[in-house]
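Notes follow the structure.
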Amino acid sequence: MTVFTIGMIVSASVHADLVIKAGYGQTQSLPDTTVQTHIDGGPDWPIVSSWPAPWDSQLGYAILKTDDKKTLSCQILGRITGYSPLGEPILRHIFTCDNSRLNTDSDLGTILGISGCEVRLHETMHVVAPAVTVPANPLDPSSPLETRSLNTGIFQNVTGGTLEVEGILNVCTKINTFKQVSGIFVESAM
């Protein structure tokens, strides 16, 4: 019984959730629908929908502050993949923070209010852990296949969680500015 308890203590210390306490950032909606979720020198997670609407992609940045006082500088690529029955956008995002990548999917943007060009939004982003199966050597398609997580670097063990964001989308300029960010990236022991 003692050995089992010690094993539990060791395995419990293998991982720790990453808690986001604050953040801010900005994205710009893009008229070109050809923006993809390409990973330089690596595999890709394909777009679920072939959604061909103009202004369906967004590109920008986020500065996220963790509960242990780390600051993450991230680039964001987002894409609308559809709309809810209430007309709210459903999106997918990729965050690249330094040399790390985090993926979200089925993110829901809820409209809190509209005033002229400004739309106040609350967005709940759902962290996911997609994986792709690719040849071990990308230059040799006949090499053995490997399954690779598309969450990488500091996010390599992140398997779930949410990120809550509030901000203002200016539909005239297509700029989305957000200030309030919080969330938990759940890590699993690997």
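Which condition breaks for Gly160 when tested against (1) within 17 Å of the chain's Cα centre (by Cα); (2) within 19 Å of Val181 (Cα to Cα); (3) surrounded by 15 or more Cβ atoms within 10 Å (Cβ to Cβ); (4) of a type outside the set (Ser, Thr, Tyr)?
Answer for Gly160: the failing condition is (3).
For segment 11-27, name all the residues that are in a strand (DSSP E or B) and at pLDDT below 90.
Of everything in segment 11-27, just one residue is in a strand (DSSP E or B) and at pLDDT below 90, namely Leu18.
Hey, can you tell me all the residues within segment 110-148 that are part of a strand (DSSP E or B), touching a residue at least 60 places away in the same chain (Cβ under 8 Å) and open to solvent by less than 40 Å² (accessible area, probe 1.4 Å)?
Residues satisfying the conditions are Val132, Val134.
Within segment 88-109, count every residue that is at negative phi, open to solvent by 50 Å² or more (accessible area, probe 1.4 Å) and not in a strand (DSSP E or B).
Residues flagged as at negative phi, open to solvent by 50 Å² or more (accessible area, probe 1.4 Å) and not in a strand (DSSP E or B) within segment 88-109 amount to 1.
Say we look at segment 57-72 and pick out the residues that are among the hydrophobic types (A, V, I, L, M, F, W, C) and closer than 10 Å to Gln26 by Cα; which of these is least open to solvent (accessible area, probe 1.4 Å)?
The residue in question is Ala62.
Quick check on Phe178: is it in contact with a Cys (Cβ under 8 Å, 6 or more places away or on another chain), under 20 Å from Arg79 (Cβ atoms) and either part of a strand (DSSP E or B) or open to solvent by 40 Å² or more (accessible area, probe 1.4 Å) (or both)?
no
The values are calculated or read from the model by the stated rules, or taken from the named source; none is laboratory data. Given the structure is predicted, the values throughout are model-derived calculations rather than measurements. Quick reminder, even Gly has a Cβ in these numbers, built from the backbone with ideal geometry, and neighbours come from all protein chains shown. The accessibility values were calculated without ligands, DNA or RNA, using every heavy atom of the protein model including side chains. Shrake-Rupley method; radii C 1.70, N 1.55, O 1.52, S 1.80 Å.
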